């Protein structure tokens, strides 16, 4: 075999080098000497990924179309029905102008919650083999994105920015097992912590700090927010509780919640560049009727 | 040169395309690992280890990254060496490398106290990744080692 002493020596050297780099990066934390190297990697590969993404996006959508094909037929039917219903709804809405204006005002007040959002597109993703869940977006410091900003999409909380280079930024998703976000149960002041459990973001774990507080299936969670709105701004819908775990004898109660945002198929997201001046509390939550399936 | 280009291309495709597919059971194949195995199998253990180390370092530096630099450099260097050296037949080598890589990554992560490496990830996510990678393995490894042989012959 070609397995010589020299080969083993070189392998040993490389493995030692890797371990040394790993240890330096681990011990130094945020002030790591590898930080600048990461920055260079981010700007070089970020640009390459932006170009690559525009090429591979159609291929990606083709494959997802193949995977989703069985359910697509059913979805077309459902959408057609919904379309008909919406069209009739639109006709009635056009008649009632004053009501429409009122609705608009209410939506303006409650719907947005007062966040200033910068839209961005997902250009790359890391998720194999389930140890970390992070995405790369095509907005960076040039657009005003800074680390520890909240990222959301039309449905709810997505994650937070951990690093930003000139034109791209790295976002750690809610489903990353190492991330945790403060959360509040709707309508009350019961607080807890939401953390990821991997599994592509289908469920996240919610730990309620007060073990005597009521916790039931169907309750909805909003972000609790942190000091100065970093890393999470208050009032963003997180998800709805799917199952409650029985944890007798423990100080906290835990439950699994389904996130509003589909974390496995993200495309357009928004970075909250300015937090609301006033706590929106539960105002941004979607209508409860939809969640009672 | 060709090897470097193939590795960078594999990394870009992995990050921008493969990781964003949502396949059933929620896993994706590891294209970079297969490229390292394919390249190393035609170029021997020394070149394999060096290429694996470089590919791993690039994978560690390429955004989005939320883990420590060096983790995949370690894993891919060892895999490159093993694939270059050969363990039994070519099929055994590829299967062993594909099975070993995520376990090694988990072990290195566990060694530095990464809270994301748990028993649940090892039993739920890692097998899915392995199966997808093994399904893709014959195509990728054969293509790369075939092009490598063609280059050496001419």
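Brief remarks follow.
- Residues of the range A:22-54 that are under 14 Å from residue A:124 (Cα atoms) and more than 24 Å from the chain's Cα centre (by Cα): A:44 alone.
- Taken together, the criteria place residue A:264 among residues that are closer than 27 Å to residue A:122 by Cβ and at pLDDT below 80.
- Check on residue B:118, surrounded by fewer than 20 Cβ atoms within 10 Å (Cβ to Cβ) and within 30 Å of residue A:123 (Cβ to Cβ): yes
- Checked against the criterion of being at the interface with chain A (Cβ under 7 Å from one of its Cβ atoms), touching a residue at least 60 places away in the same chain (Cβ under 8 Å) and either under 13 Å from the mean Cα position of the chain (by Cα) or more than 27 Å from residue A:30 (Cβ to Cβ) (or both), the candidates B:102, B:45 yield just one match: B:102.
- Some residue of the range A:158-176 being at pLDDT below 80 and either more than 19 Å from residue A:230 (Cβ to Cβ) or surrounded by fewer than 19 Cβ atoms within 10 Å (Cβ to Cβ) (or both): no
- Residue within the range B:82-89 that is within 16 Å of residue A:20 (Cα to Cα), surrounded by fewer than 24 Cβ atoms within 10 Å (Cβ to Cβ) and at the interface with chain A (Cβ under 8 Å from one of its Cβ atoms) present: no
- Of all residues making up the range A:1-34, the number that are surrounded by fewer than 15 Cβ atoms within 10 Å (Cβ to Cβ) and in a helix (DSSP H, G or I): 13
- Residue B:10 being within 7 Å of another protein chain (Cβ to nearest Cβ) and closer than 20 Å to residue B:145 by Cβ: no
- Among residues of the range A:48-66 that are facing chain B (nearest Cβ under 8 Å) and farther than 14 Å from residue B:18 by Cβ, those with a beta-carbon under 7 Å from a residue that is at pLDDT 75 or above and buried (at least 17 other Cβ atoms within 10 Å of the Cβ) at least six positions away or on a different chain give the pairs A:48/B:12.
- Test: residue in the range B:123-146 that is at the interface with chain A (Cβ under 7 Å from one of its Cβ atoms), farther than 20 Å from residue A:204 by Cα and either surrounded by fewer than 20 Cβ atoms within 10 Å (Cβ to Cβ) or at pLDDT 75 or above (or both): yes
- The range B:19-31: number of residues that are surrounded by 24 or more Cβ atoms within 10 Å (Cβ to Cβ) and in a helix (DSSP H, G or I): 1
- Every test in (1) modelled with pLDDT under 80; (2) in a loop (DSSP other than H, G, I, E, B); (3) out of contact with any helix residue (DSSP H, G or I) (no Cβ under 6 Å at 6 or more places or on another chain) is passed by residue A:139 save one, and that test is (1).
- Test set (1) within 9 Å of chain A (Cβ to nearest Cβ); (2) surrounded by 24 or more Cβ atoms within 10 Å (Cβ to Cβ); (3) within 11 Å of the chain's Cα centre (by Cα); (4) farther than 24 Å from residue A:27 by Cα - residue B:72 fails condition number: (4)
- Residue list for the range A:237-275, restricted to those being part of a loop (DSSP other than H, G, I, E, B) and either free of Cβ contacts under 8 Å to residues at least 40 places away in the same chain or under 15 Å from residue A:193 (Cβ atoms) (or both): A:245, A:246, A:247, A:248, A:249, A:250, A:251, A:252
The values are calculated or read from the model by the stated rules, or taken from the named source; none is laboratory data. The structure displayed is predicted, hence computed values, not measured ones. FYI the Cβ positions are ideal-geometry reconstructions off the backbone, even for glycines, and counts take in every protein chain you see.
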